[in-house]
1. So, in nm, how far is label Ala115 from label Glu191 when the simple model puts each one 7 Å beyond its Cα toward the Cβ?
2. Once phi is turned into θ = phi - 60°, what whole-Hz ³J(HN,Hα) does the Karplus curve with 6.51, -1.76 and 1.60 give for every residue of region 236-248, x standing for Gly and Pro?
3. Using only Cα positions of the chain, each an equal point scatterer, no hydration layer, compute I(q)/I(0) via Debye at q = 0.15 Å⁻¹ and quote the log10 values to two decimals.
4. Return the calculated 222 nm mean residue ellipticity for the chain, to the nearest 500 deg cm²/dmol, obtained by summing -39500 (n - 2.57) across DSSP H runs with n ≥ 4 and dividing by the residue count.
5. Need the list of aspartates and glutamates near Lys178 for cross-linking: C-alpha distance under 18 angstrom, and skip anything on the same chain fewer than eight residues off.
6. Of Leu98, Ala168, Met146, which is farthest towards the positive pole of region 27-168's charge dipole, taken about the Cα centre with +1 and -1 on the beta-carbons of Lys, Arg and Asp, Glu respectively?
7. Scan the chain and report its longest stretch carrying no chymotrypsin sites (Phe, Trp or Tyr not before Pro) that are both in a DSSP loop and have at most 15 other Cβ atoms within 10 Å.
8. Full-extension gain between Glu17 and Asp221, please, as 0.36 nm times their residue separation minus the C-alpha to C-alpha distance.
Amino acid sequence: REDLKGLYSALLVPFNEDGSVNEEGLRKIIRHNIDRMNIDGLYVGGSSGENFLLGKEEKKQIFEIAKDEAKDQIKLIAQIGSSNIYEAIELGKFVTDLAYDAISAVTPFYYRFNADEVYNYYKEITENVENDLIIYSIPLLTGVDMGIKDFERLFKLPRIVGVKYTSADFYLLERLRKTFKQQLIFSGFDEMLVPAVANNVDGAIGSTYNVNGIRSRQIFDAVKSNDLQKALEIQNLTNDFISAVLNNGLYQTLKYILQREVKSDKQFYSRKPMAQITEEQKQEAENIYQKFIK
Ligand code: NAY
């Protein structure tokens with residue numbers, strides 16, 4: 001699936017104060033990604049979309065809006081994974097009918113599933129959904145740590161085409177890249193884009209690309225053309241931005257910046273139990289916006 005390579009924003013979703021999806025705001029964020037960030041694709045329904053706080057119908061609503069707004073202008077990958085496997089399969093079929101380019105599924109979490117259970121989860125999803133699947137590995141949030149043997153077994157499943165690798169274990173990344181040349185590897189930590197691209201990942205998927213997409217593309221291209229000095233310079237500046245964002249509240253700050261960028265007069269709320277941005281955080285978010293993005 002060469003066609004899936006590239007830089008993807010992990011789509012952020014703005015909510016209304018009552019917790020419902022702010023459709024107008026969501027459409028504006030999608031347009032911003034396409035028209036101004038020049039992104040290759042969107043990863044819809046990921047951590048950055050606060051997906052694991054939502055009900056099934058809300059997830060469907062977001063998948064529909066994203067496809068309706070983006071049409072075929074960019075690639076769309078839908079994260080449909082859930083510890084409820086029946087929901088995962090239903091959502092997988094739903095987005096496949098909507099003509100999403102691929103699905104992705106987080107490793108099942110909360111209970112401490114063993115390697116066989118994780119394997120069977122992917123086997124069952126891929127046997128029931130007629131679309132290619134990218135494994136979503138994010139051990140920091142799920143507690144599910146997979147080694148090279150686990151990946152080897154999973155990559156033998158016919159519809160599995162790659163992994164979204166959100167981990168700082170670069171030894172494992174190097175081993176994966178060396179071993180599985182045919183699989184797609186997407187890097188998941190925006191602040192570690194330089195070492196990921198140096199390890200020949202096929203692309204990257206991240207939350208900060210929603211607002212810092214242009215610089216991230218420059219980093220990607222600079223490493224690819226062997227200009228490590230330039231790549232590091234832009235990564236350094238990018239990481240001044242990312243660390244300020246992380247210190248101030250990741251999604252709250254990114255949504256504040258997006259709200260400014262797309263000129264929405266309605267606040268982009270987070271989904272409870274995520275906290276809402278405070279006045280103090282807004283001020284700091286404004287400083288970050290002025291300093292790095294505007
Ligand atoms: C997603 O939304 O599923 C992701 O893109 C995962 C990758 C992001 N991880 C999380 C936990 O949000 O973009 C990263 C991350 O926000 C960024 O690197 C800042 O740490």
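The numbers here are math on the coordinates, done by the rules we state, and not lab data. These numbers come from a predicted model, not from an experiment. Neighbour counts run over all protein chains shown; Cβ positions are idealised from the backbone, glycine included.
1. With each label point 7 Å from Cα toward Cβ, the separation is 3.1 nm.
2. Values, residue by residue: 4, 5, 4, 6, 4, 5, 5, 5, 5, 5, 4, 5, 9 Hz.
3. -1.18
4. Result for the chain: -15000 deg cm²/dmol, rounded to the nearest 500.
5. Candidates past the 8-residue exclusion: Glu2, Asp150, Glu152, Asp169, Asp202.
6. The Cα lying farthest towards the positive end belongs to Ala168.
7. 112-294
8. Contour length minus Cα-Cα distance gives 69.5 nm.
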